[in-house]
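Below you'll find the structure, written out as structure tokens, and then a few comments.
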Ligand SMILES: *Cc1c(COP(=O)(O)O)cnc(C)c1O
């Protein structure tokens, strides 16, 4: 009854952890979640007020499929100001979240059998969105010693005449690593030589630390700009995950195809949310710097705390709000009826024993690691960390 396409994708194992965490919370356990993928801050008032104003003004009807002109222009200004890229209106489309932008890009670019290069660890939706479009995910492993950054040589090994797209995500969810200009130039070179497209997921561009500036691969030169679809959105930057706005920029032909796909599926993204996003992009930006100061404190705390534990090694993430420590030294260890064989087992053990929820590395295609989100208060981080430490110490 269910299509072959739908059967190809499965719910993420994260759901099992989340379901179990919910079950335990319902039973009255005080579960601390390190599994969240969104800022724990409220959407700023100026953005909420712009939405209220839109409702009161009756801005509640269909808009242009690809988004209102003011928002497209604000997105173009953003690209110019932040990334030094010039896009025309015909090169920008607004969608219902960056995830939707990524899905649309996959729909516009992929034919059955096309291969999509996905560096691991990856954000969970890339392989499944590829499968949903009858294309083939080709995983390209990265190493912790390279800060989980993709080496051009690793791409060359996987390159075939079916390679259509490389998905990049920087700063990365789950590792927080990001590329400097030189690495992006080398990746761009390989892409142009290999003739494939790049889908560049830059949703964490503004969440970087230590004064690091984000560089978009599309800004390297005109040639790579034409072969790149940049995806971004306000969800993470302005704590707007529930508003469902994202955008994509790239070659007008691709954007046109995305617009057609959107016109036959979702139509325009929510009119009210578009006005809210317009305010996010053009209004005061002080919320962002305040949120960053807070994330930075938590990042420094959790990473140095993790590194005090024998058997854990954690890189200092350069962006986003996740730490991705190596935990494989616990594999083979036991406690009572538990044997820890992989990151999923460790996540289940920590949920059961320490009442902390975190996401196993295997969910991101990288065994031996776990993801800890620090989009939660410093107080909870500290409490969660001491529980983590106590539970790990029990493993023998
Ligand atoms: C959260 C996230 C997205 C999706 O964001 P939305 O705009 O809320 O759809 C896309 N890519 C990565 C890497 C993310 O972490």
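Throughout, read-outs are computed from the coordinates displayed, never taken from laboratory work. Given the structure is predicted, the values throughout are model-derived calculations rather than measurements. Methodologically, a virtual Cβ is constructed for each residue, glycine included, from the backbone with ideal geometry; neighbour enumeration extends over all protein chains shown.
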To the nearest Å, what is the center-to-center distance of region 356-396 and region 80-112, using C-alpha atoms only? 34
Calculated SAXS-style log₁₀ I(q)/I(0) at q = 0.13, 0.18, 0.19 Å⁻¹ - region 178-325, Debye, Cα scatterers: -0.77, -1.17, -1.22
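Taking the beta-carbon count within 10 Å as an exposure proxy, list 355, 100 from fewest neighbours to most.
Working: 355 18, 100 23.
Arranged by neighbour count, lowest to highest, 355, 100 become 355, 100.
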The chain, relative contact order in percent, only Cα pairs under 8 angstrom and at least six apart counted: 23
From the P(r) of region 1-138, can you give the percent of Cα pairs sitting at distances over 26 Å? 51
Using only alpha carbon positions, build the gyration tensor of region 159-201, then give the equivalent ellipsoid semi-axes as the square roots of 5 times its eigenvalues, largest first, whole angstrom. 20, 13, 7
As I understand it, the value is the acute angle between the Cα axis of helix 343-354 and the longest principal axis of the Cα atoms of the chain; what does it come to in degrees, rounded to 10? 60
How do 132-142, 334-344 rank on mean C-beta neighbours within 10 Å, highest first? 132-142, 334-344
Based on the alpha-carbon gyration tensor of region 202-279 and its eigenvalue square roots a ≥ b ≥ c, which shape applies: rounded if a/c is under 1.5, prolate if not and a/b is larger than b/c, or oblate? oblate
For the chain, with a Gaussian network of springs between Cα atoms less than 10 Å apart, report the residue from 152, 174, 121 with the top mean-square fluctuation. 152
To make sure I understand, if each residue's beta carbon is the centre and we count other beta carbons within 10 Å, what order do 157, 91 fall in, fewest to most? 157, 91
Directionally averaged shadow of region 45-282, computed from the convex hull of its alpha-carbon atoms, nm²: 12.3
Which shape class applies to region 22-76: rounded if a/c is under 1.5, otherwise prolate when a/b exceeds b/c and oblate if not, where a ≥ b ≥ c are the square roots of the Cα gyration tensor eigenvalues? prolate
Roughly what angle does helix 45-56 make with the longest principal axis of the chain, taking Cα atoms, 0 to 90 degrees, to the nearest 10? 50
Taking Cα atoms, the helix 181-194 axis meets the longest principal axis of the chain at an angle in degrees (rounded to 10) of 70
